[in-house]
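Report on the structure given below.
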Protein chains: 2
Amino acid sequence: MYKIGIDLGGTNIAAAVVGFDNKIVAKESVPTGLPKTPDEIADSIAALVRSVASKAFVRMDEISVVGIGTPGAVNAEGVVENDANLGFVNTPLREMLEERLGLVCRVGNDANCAALGEQIAGCGKGTRNFIAVTLGTGVGGGIILGGKLLTGVNGAAGEIGHMVIDREGIPCKCGRIGCFEQYASATALVNVAKEAFPDITGAKDVFDLAHADNLRALEIIDDYTEYLADGITNLINIFQPEMICIGGGVAAQGEFILKPLREKVEKKRYTKNASVQTVIRAATLGNDAGLIGAANL
Amino acid sequence: MYKIGIDLGGTNIAAAVVGFDNKIVAKESVPTGLPKTPDEIADSIAALVRSVASKAFVRMDEISVVGIGTPGAVNAEGVVENDANLGFVNTPLREMLEERLGLVCRVGNDANCAALGEQIAGCGKGTRNFIAVTLGTGVGGGIILGGKLLTGVNGAAGEIGHMVIDREGIPCKCGRIGCFEQYASATALVNVAKEAFPDITGAKDVFDLAHADNLRALEIIDDYTEYLADGITNLINIFQPEMICIGGGVAAQGEFILKPLREKVEKKRYTKNASVQTVIRAATLGNDAGLIGAANL
């Protein structure tokens with residue numbers, strides 16, 4: 001039997017056929033093509049499921065489950081409570097897809113799916129208490145405890161980007177001041193760096209300057225890892241997980257980011273002397289994490 | 001069968017015989033009498049167990065388990081890794097008490113025990129995902145997910161008082177700047193209030209002034225609940241638990257604190273529109289929470 005994982009985004013819908021060993025057998029993606037109604041989005045997903053299955057030479061009766069990772073908070077019934085971008089308002093996505101496909105479907109939050117994928121098949125393989133932190137446009141999170149996703153009472157748990165770390169600091173679009181994502185997202189890094197380097201277009205440019213030993217760029221990245229360490233240390237003091245995995249574009253810098261991050265966390269964490277400590281690693285699956293995680297919801 | 005719960009503190013050791021219904025049948029306490037060696041502390045606990053059992057007319061063979069709540073991080077083997085005050089360094093407290101009592105013993109962190117007690121028999125009865133926040137000298141925490149205490153990889157999870165909320169703010173003795181407990185503990189409230197009212201001796205004095213409509217005291221408490229709301233909202237955004245329970249001396253103020261706290265959290269939380277939200281309540285068991293929780297470790 002095979003599983004299918006879907007990563008539903010505002011730009012693209014990606015699908016993967018996933019084998020019993022959590023290896024991806026085939027992948028396919030289509031533009032989301034917004035604006036669309038929720039019914040049209042469900043139609044696109046259903047068509048993509050059939051198409052990717054056929055690409056993998058897998059029959060529909062060989063598919064045990066279809067898992068969908070979507071933006072927004074998803075409740076236990078697979079209803080997406082709210083997502084402005086996709087136009088979901090209490091949208092019963094699970095039911096809509098089960099009707100179209102005649103298969104068991106599950107729906108979860110996309111950041112949670114990415115965390116689950118890394119924990120099952122990526123850098124967190126073998127761990128049971130695992131937090132994924134994704135540094136991108138914002139800061140996303142997924143928390144796995146005892147091998148299970150923490151979804152919370154309303155499906156919206158894991159919003160670690162909206163943990164205030166500097167209450168006199170930068171306003172966040174969530175309405176609060178000083179949220180972690182205002183400092184630790186790739187966007188935040190670029191915003192700071194643009195003051196010194198108006199021509200940069202993305203976080204990679206800042207790192208390229210730093211790799212060329214530009215002192216201002218090195219300083220900016222030093223500050224950035226300090227902020228990052230503050231949020232990560234908060235999570236360690238609260239959860240003491242086995243592992244925290246850092247994903248997103250910034251994490252592609254690997255040890256260039258992780259080494260200073262670990263050194264700063266070591267100085268900050270409450271359990272400086274504990275014999276067992278949280279391990280900090282880079283995510284390894286990239287975009288596949290969300291697909292593998294969705295398939296395993 | 002009965003359970004025995006122990007609350008080991010720097011000043012007193014308290015013990016309770018707890019019935020199958022989680023009601024306390026008898027209580028007793030003795031001064032800890034520091035300085036003492038870990039062996040002498042274990043002797044005192046063992047003597048207190050026998051004494052409180054006899055007070056309740058319970059024979060030793062009617063006791064199914066003895067649970068001990070202690071300061072410090074406790075690992076899965078019941079070893080207390082470190083507590084400066086009690087002089088514990090990798091102290092195998094569980095083993096030391098099993099030898100002395102010939103009974104099954106369990107050891108857990110005291111703040112975690114208090115959380116477990118409230119969840120089992122106090123304001124959190126019936127919940128499975130529950131966070132207790134204790135506002136006292138510091139800010140303690142206990143996190144229960146799926147009905148189980150979150151202890152983390154090294155027994156030290158739940159240090160929510162050491163979540164930085166204001167990284168340009170007040171230094172904390174943990175070495176970081178702007179920890180939640182520097183703003184939300186009773187100590188923090190008193191420190192701020194002393195600038196306006198040098199004669200006050202405790203948090204209750206600030207509340208007494210506020211109840212007498214002293215405007216400055218009301219302002220100070222308004223600021224205090226704002227800080228408190230920041231930390232509590234962080235926890236909600238991360239966990240979305242069914243309930244957060246506020247304990248400690250400050251919580252004795254009940255709705256006077258909880259009403260503004262709830263109003264502020266409502267404006268701050270990320271899930272402003274979710275149909276299900278975290279409930280915020282006051283702890284109901286006081287010091288009994290730690291005893292009942294320890295008995296149920």
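Percent antiparallel among DSSP beta bridges with both residues in chain A, to the nearest 5?
Bridges in chain A that DSSP calls antiparallel: roughly 60 percent.
Taking each residue in A:145-158, count the Cβ atoms of any other chain within 10 Å of its Cβ, then average. What number comes out?
The mean count of partner-chain Cβ atoms within 10 Å per residue comes to 6.
To the nearest 500 deg cm²/dmol, what mean residue ellipticity at 222 nm is calculated for chain A from DSSP H runs of n ≥ 4 alone, each contributing -39,500 (n - 2.57), summed and divided by the residues?
-11500 deg cm²/dmol
Applying a 10 Å radius around every beta-carbon, put A:69-82, A:151-164, B:121-134, B:83-96 in order of their mean neighbour count, most first.
Those peptides, ordered most packed to least, come out A:151-164, B:121-134, A:69-82, B:83-96.
When averaged across all projection directions, what area in nm² does the alpha-carbon convex hull of chain A cover?
Orientation-averaged projected area of the Cα hull: 16.0 nm².
Return the FRET efficiency for the residue pair residue B:205, residue A:34: r is the Cβ-Cβ distance, R0 is 45 Å, and the value is rounded to the nearest 0.05.
0.15
How far is residue B:12 from the same spot in each other copy, in nm, shortest first, if each label point sits 7 Å from Cα toward Cβ?
Distances between equivalent label points, in nm: 6.5.
May I ask you to report, in nm to one decimal and beginning with the shortest, the distances from residue B:205 to the same position in the other copies, taking label points 7 Å along Cα-to-Cβ?
Residue B:205 label point versus its equivalents elsewhere: 5.8 nm.
Return an integer: the convex hull volume of the alpha-carbon atoms of the protein assembly as shown, in Å³ per residue.
Output value, Cα hull per residue: 169 Å³.
Show the residues, 5+ positions off or on another chain, whose built amide H is closer than 5 Å to the amide H of residue B:107.
Here B:68 satisfy the definition.
Find every distance from the label point of residue B:55 to the corresponding label point in the other copies (7 Å from Cα along Cα→Cβ) and write them in nm, one decimal, shortest first.
7.1
Once the other residues with Cβ under 12 Å from the Cβ of residue B:265 are scored (Lys, Arg +1; Asp, Glu -1), what is the net sum?
That sum, taken over residues with Cβ under 12 Å, equals +4.
Enumerate the whole-percent occupancy of each 5 Å bin, from 0 to the last occupied one, for all C-alpha pair distances of the range A:125-283.
Values per bin, smallest distances first: 2, 9, 18, 22, 20, 15, 8, 4, 1, 0.
Ranked highest first by the average count of other Cβ atoms within 10 Å around their residues, in what order do B:209-215, A:249-255 fall?
Ranking, from highest mean packing down: A:249-255, B:209-215.
Laboratory data are not the source of any read-out in this text; all were calculated from the coordinates shown. What you see is a predicted model, and the numbers here were worked out from it, not measured in a lab. Positions of Cβ are generated from backbone atoms using ideal geometry, with glycine treated the same way; all protein chains shown enter the neighbour counts.
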